[in-house]
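One structure below.
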2 protein chains.
Amino acid sequence: MTKKKSVELVKGELMRGFTPFREAKSKMKKNYSVIVVLVFAISLICTGTLFANEKTKAEVAYPDGYRQWTHIKSMVIEKGHPLYESFGGIHHIYGNKKALDASKKGKAFPDGSVLIFDLLEVKSADNAIVEGQRKVVGVMQKNSKKFKDTGGWGFEGFKGDTKERVVTDPKSACFNCHEPQRQKDYVFSTYRK
Amino acid sequence: MTKKKSVELVKGELMRGFTPFREAKSKMKKNYSVIVVLVFAISLICTGTLFANEKTKAEVAYPDGYRQWTHIKSMVIEKGHPLYESFGGIHHIYGNKKALDASKKGKAFPDGSVLIFDLLEVKSADNAIVEGQRKVVGVMQKNSKKFKDTGGWGFEGFKGDTKERVVTDPKSACFNCHEPQRQKDYVFSTYRK
């Protein structure tokens, strides 16, 4: 066997000998890519879930049974009023027990207080104004930790008789108008005897 | 002593002898008159008390705590409305639990049901209508035995924030207007969800 042949043989053996390794390496690369994609996807899912959980935690709950809570006061906003576009109609304010007690005493609202702004369309005819369909159920829910950026109050609106949320930015949509009411714990309405 | 003198003496003795008796008789007459007057007065008082009790029994009770009852619906009656003189302003209907359950189910109201017609003045300014002073707290109290002449409902009105009763004739002042609502147990309002 010449030296050249010997070298070729060794090369050939080496080639043969390395083929499975190369294939394995190639497979590993593929697997690695799959793992990377999977890890990335799982991370995305986890992050999404975490954010979703975070969002759920900070959400204002739908105020089940609020129509049985105490009626605090009412008001009619008519065409021409600066808030007509958003709040035109008749609205009734309701409060759960915690909110009611605070409202009566004129004290700051404790966590757990919930106030409702129940807005209905009005029908005016023959010198009478009667209630129409529900437009929105506005909710203020007190939780000084969860909603610390908006005075300790969470703000939400539920469309008509549904549980569809309509407030995307509570700060600009709600809190900015309530902020000047700081001395009254950001609440406009007081209990009418 | 002549017979004549003797007779005079006897007459005199008799007279003297009878004087205390006559005085006693006179006193007895006076006492009797006093007793008769007293009995008569007591009878009058008793009869008056009985009638008063009877009246109290048939009265509609003041609805203590009604502002904590469930708000059923509201309406505004404006100038020009045929009922403006009596019911102009904003009124809220409230019901106690028995009344509310019946109102929700659309069934006849059981005894013990109480409905409130809480009428407030309104102040209209800058395209908004806000609540003013209380005008009257109207009450319908169901008791089919006590108020059988007015559909089983007792009607009363309490002036403003007082307990001064304002309904003198429930039939003409209240029931006559409610009578056509016989199919709805003489009630106009139904629970608005």
Search result, residues across the range B:81-107 that are at pLDDT below 95 and either on the phi > 0 side of the Ramachandran plot or in a loop (DSSP other than H, G, I, E, B) (or both): B:Gly106, B:Lys107
Looking at this structure, is A:Leu100 in contact (Cβ under 8 Å) with a residue 60 or more places away in the chain, buried (at least 17 other Cβ atoms within 10 Å of the Cβ) and within 10 Å of another protein chain (Cβ to nearest Cβ)? yes
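Out of all the residues in the range B:162-177, which are under 14 Å from the mean Cα position of the chain (by Cα), within 18 Å of B:Phe188 (Cβ to Cβ) and not in a loop (DSSP other than H, G, I, E, B)?
Here is the first cut: in the range B:162-177, the residues under 14 Å from the mean Cα position of the chain (by Cα) are B:163-171.
Filter once more, keeping what is within 18 Å of B:Phe188 (Cβ to Cβ): B:167, B:170-171.
Those that are under 14 Å from the mean Cα position of the chain (by Cα), within 18 Å of B:Phe188 (Cβ to Cβ) and not in a loop (DSSP other than H, G, I, E, B): B:Pro170, B:Lys171.
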For A:Val137, which of the numbered conditions (1) crowded, with 20+ Cβ neighbours inside 10 Å; (2) in a loop (DSSP other than H, G, I, E, B); (3) within 14 Å of chain B (Cβ to nearest Cβ); (4) not polar (S, T, N, Q) fails to hold? (2)
Please state which of the following conditions A:Ala108 fails to meet, knowing it meets all the rest: (1) in contact (Cβ under 8 Å) with a residue 24 or more places away in the chain; (2) under 26 Å from B:Asp101 (Cα atoms). (2)
Residues in the range A:144-159: is at least one open to solvent by 20 Å² or more (accessible area, probe 1.4 Å), within 13 Å of another protein chain (Cβ to nearest Cβ) and not small (Gly, Ala, Ser)? no
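What are the residues in the range B:119-134 that are of a type in the set (D, E, K, R), within 11 Å of chain A (Cβ to nearest Cβ) and open to solvent by 50 Å² or more (accessible area, probe 1.4 Å), if any? Don't jump to the end; show me each part of the working.
We begin by selecting, within the range B:119-134, every residue of a type in the set (D, E, K, R); these are B:121, B:123, B:126, B:131, B:134.
Next, from what is left, pick out any that are within 11 Å of chain A (Cβ to nearest Cβ): B:123, B:126, B:131, B:134.
Selection gives B:Lys123, B:Asp126.
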How many of the residues making up the range A:104-118 are more than 12 Å from every other protein chain (Cβ to nearest Cβ) and either surrounded by 16 or more Cβ atoms within 10 Å (Cβ to Cβ) or within 27 Å of the chain's Cα centre (by Cα) (or both)? 9
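The values are calculated or read from the model by the stated rules, or taken from the named source; none is laboratory data. The structure displayed is predicted, hence computed values, not measured ones. Cβ sites come from the backbone with ideal geometry, for glycine too, and all protein chains shown count toward neighbours. Each accessible area value is taken on the protein alone, full model and side chains, heavy atoms only, with ligands, DNA and RNA left out. Shrake-Rupley method; radii C 1.70, N 1.55, O 1.52, S 1.80 Å.
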